[in-house]
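To start, the structure itself, in structure tokens.
The values are calculated or read from the model by the stated rules, or taken from the named source; none is laboratory data. Predicted model, so just to flag it, every value in this text is computed and none were measured. Note: ideal-geometry Cβ built from the backbone for every residue, glycine included; neighbour counts use all protein chains shown. What goes into the accessible areas is simple: the full protein's heavy atoms, side chains included, and nothing from ligands, DNA or RNA. Shrake-Rupley method; radii C 1.70, N 1.55, O 1.52, S 1.80 Å.
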Amino acid sequence: QFFPKDGWVEHCPTEILNSTLDVIRAAISQSNLNLTDLTAIGITNQRETVVVWDRATGEPIYPAIVWQDRRTADRCKQLREEQVEADVNARTGLLLDPYFSATKIAWILDNVDGARDRAISGELAAGTIDSWLVWHLTEGCSHVTDATNASRTSLFNIHTNRWDDTLCDLFNVPANLLPEVRDSAGHFGDATSEPFNGLAVPITGIAGDQQAALIGQCALSEGAIKSTYGTGCFVIANTGAEPLASKHRLLTTIAYRINGETTYGLEGSIFIAGAAVQWLRDELEIITDATQTQAILEKTEHNHGITVVPAFTGLGAPHWCADARGAIFGLKRNSGRNELITATLESVALQSNDLLEAFRDDGLCVSQFKIDGGMSTNPAFCQLLADITNQTVFVPRNSETTALGAAFLAAVGVGLYKTLDDVSEYWELDSQYEPQTLNDLEQIKKRWTRCVELTKQL
């Protein structure tokens, strides 16, 4: 990752492509398969991150602007002042926030010499990481995306399932840049590039990472929730065939689209989760490995009085405060390493609780709470999460549910299975955590709420 300025986060698109090709080679080698054994390819990707590239050369004209990037916060503020957020939300289910793709694309067009003129003339293409990968895997033959990724751009109408001309005009993004939107399972093109050596392996499944995890968790019934704890924390609830509008600024999004039928989701995005543990390790250097946090959580009392609000890149749902920055409250003379580490992990569970309470208040009956991602391998954190949310936590045997969801979609898209329900038998429970009484829980929650509000004012 590259951080050229405060709040800016960039990736190298070519590095992403090359690392993907390396993984493909390694997967084929380690599975003892030949290229001719491959039936289909599924792709899942970090959402909202965008690339703009030259259609003739396939070269990016600027680094990928990452979902965490906040450089367009002022533009989003300006649009909110123009009182267009209600209309954007009605069409997209999203809010005006630099998190989403539209203002990122516009920024590239306005800040790279000649880019806007080249975009209007049809020389450029833009897309999320799935589109970037498919373009290169198909050697420029397919400029496509799926409905889940499109629904995160602020340019896609989730009710009509089309790019919205009004939104393209509002965000000043030429529609001819954008990829064709298809179902999440279906034919997106044939991978012919190296290392496939012209064999034409069909790409038949695509979904943004959080939707793919929802599918990989087989959270296919209304009220089922999955929460992925990676760099950030992303919670999606399956709301079925009807979009559910939120009173708490949660996002209405497309969970998946199969055979033209859309299943919707309600989502809360926390920008910093596992990244807070990385902060403890890499910046503060008070741990050398994330696994150390388990023993510390198990032996440290939770009524230590410290609250960490890890708003390093602003606050996501349900607060949506782009200008907030991280803060530590309640330090005392005897506050030490263990208390700070414990408070940091508590912050992830407390943010998750904020989201679950918002889901319930929006009228969703939470039927299952399935988690995955790196932090789900920490039993002490899983128990803390169950205690703070007062919700049974289910952890799957295969924690890489994002990749599994992409595989499920590819299998349906190529016809190995008729529906996603047919693959649900592959989900296996690894562990289950029942909520236990946590001393001073209400006091911890009240202190958290007060500290979050103070952080917004910093």
* Would you check the accessible area of His187, probe 1.4 Å, heavy atoms only, in square angstrom rounded to 10? => 100
* To do: Roll a 1.4 Å probe over the protein chains and send me the accessible area per residue for segment 131-270 in Å².
  => 29
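Can you check how the C-alpha radius of gyration of segment 208-259 compares to 2.2 N^0.38 Å, as a plain ratio?
Segment 208-259 yields a ratio of 1.10.
Regarding the chain, what is the average projected area of its C-alpha convex hull, in nm²? Intermediate values should be presented prior to the final figure.
Values: hull surface 84.0 nm².
Dividing the Cα hull surface by four gives the mean projection, 21.0 nm².
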* To do: Normalise the Cα radius of gyration of segment 1-110 by 2.2 N^0.38 Å (N = residues in it) and let me know the number.
  => 1.38
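If you place +1 on the Cβ of every Lys and Arg and -1 on the Cβ of every Asp and Glu, how big does the dipole about the Cα centre of segment 143-295 come out, in debye to the nearest 20? Intermediate values should be presented prior to the final figure.
Working: 8 positive and 17 negative charges, 74 e Å.
Around 360 debye, computed over segment 143-295.
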* Given a cut-off of under 8 Å on Cα pairs at least six residues apart, what relative contact order in percent is computed for segment 47-189? -> 28
* Please work out how much accessible surface Leu284 shows to a 1.4 Å probe, ignoring ligands, DNA and RNA, in Å² rounded to 10. => 70
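Dividing the Cα convex hull volume of segment 266-399 by residue count, how many Å³ per residue is that? Numbers along the way, then the final one.
Working: hull volume 15.7 nm³, N = 134.
Residue-normalised Cα hull volume stands at 117 Å³.
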* Structure fact -> Here P(r) for segment 329-410, Cα-Cα distances in 10 Å bins, as whole percents, is 15, 38, 31, 12, 3, 0
* segment 196-303 shape via C-alpha gyration tensor axes, a/c threshold 1.5 -> oblate
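Which FRET efficiency value, to the nearest 0.05, is calculated for Ala175 and Lys456 with the Förster distance at 25 angstrom and r the Cβ-Cβ distance?
Values: r = 36 Å, r/R0 = 1.44.
Taking R0 as 25 Å, the efficiency between Ala175 and Lys456 is 0.10.
Roughly speaking, what is the stretch gain from Leu416 to Lys299, that is 0.36 nm per residue apart minus the C-alpha to C-alpha distance, in nm to one decimal?
Details: separation 117, 0.36 × 117 = 42.12 nm, distance 4.86 nm.
Gain in length upon complete extension: 37.3 nm.
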* **Residues of segment 1-123: accessible area per residue with a 1.4 Å probe, Å²** => 48
* Cα gyration tensor shape of segment 115-252, rounded if a/c is under 1.5, else prolate or oblate by comparing a/b with b/c -> oblate
* Where in segment 432-458 does the label zone of Lys332 land, with the point 7 angstrom along Cα→C-beta and an amide N cut-off under 17 Å? -> 439-441, 443-445, 447-448
* Asked: What accessible surface, in Å², does a 1.4 Å probe find on Asp6, ignoring ligands, DNA and RNA and rounding to the nearest 10?
  -> 130
* **Cα-projected label distance for Thr449 with Glu82, points at 7 Å along beta-carbon direction, nm** => 3.6
* **DSSP-defined beta bridges in the chain - what % are antiparallel, rounded to 5** => 75
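For Cα pairs less than 8 Å apart in space and 6+ apart in sequence, what is the mean separation divided by the residue count of the chain, i.e. the relative contact order in percent?
Numbers: 966 pairs, mean separation 70.6, N = 458.
The value is 15 percent.
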* Full-stretch length increase - Ser367, Ala90 - with 0.36 nm per residue and alpha-carbon distance subtracted -> 97.0 nm
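Between Asn32 and Glu442, what is 0.36 nm times their sequence separation minus the Cα-Cα distance? Round to one decimal in nm.
Result: 142.2 nm gained on full extension.
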* Structure fact -> Note, Asp54: beta-carbon cut-off 15 Å, +1 each Lys/Arg, -1 each Asp/Glu, net -2
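At 1.4 Å probe size, with the rest of the protein present, what percent of the exposed accessible area of the chain is carbon and sulfur atoms?
Values: 8680 of 18470 Å².
In the chain, the share of accessible area belonging to carbon and sulfur is 47 percent.
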* Structure fact -> Asserting the computed 222 nm helical MRE of the chain (DSSP H runs at least 4 long, -39500 (n - 2.57) per run, divided by residue count, to nearest 500) equals -10500 deg cm²/dmol
* **Sites Arg281 and Asp165, calculated FRET efficiency, Cβ-Cβ separation with R0 60 Å, nearest 0.05** => 0.80
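Kindly report the accessible area of segment 304-401 per residue (heavy atoms of protein chains, probe 1.4 Å, no ligands, DNA or RNA), in Å².
Details: 3260 Å² over 98 residues.
Value for segment 304-401: 33 Å² per residue.
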* Structure fact -> Here the averaged projected area of segment 50-208, based on the convex hull of its alpha-carbon atoms and given in nm², is 9.0
* Could you state, as a whole-number percent, how many of the C-alpha pairs of segment 84-126 are farther apart than 11 Å? => 68
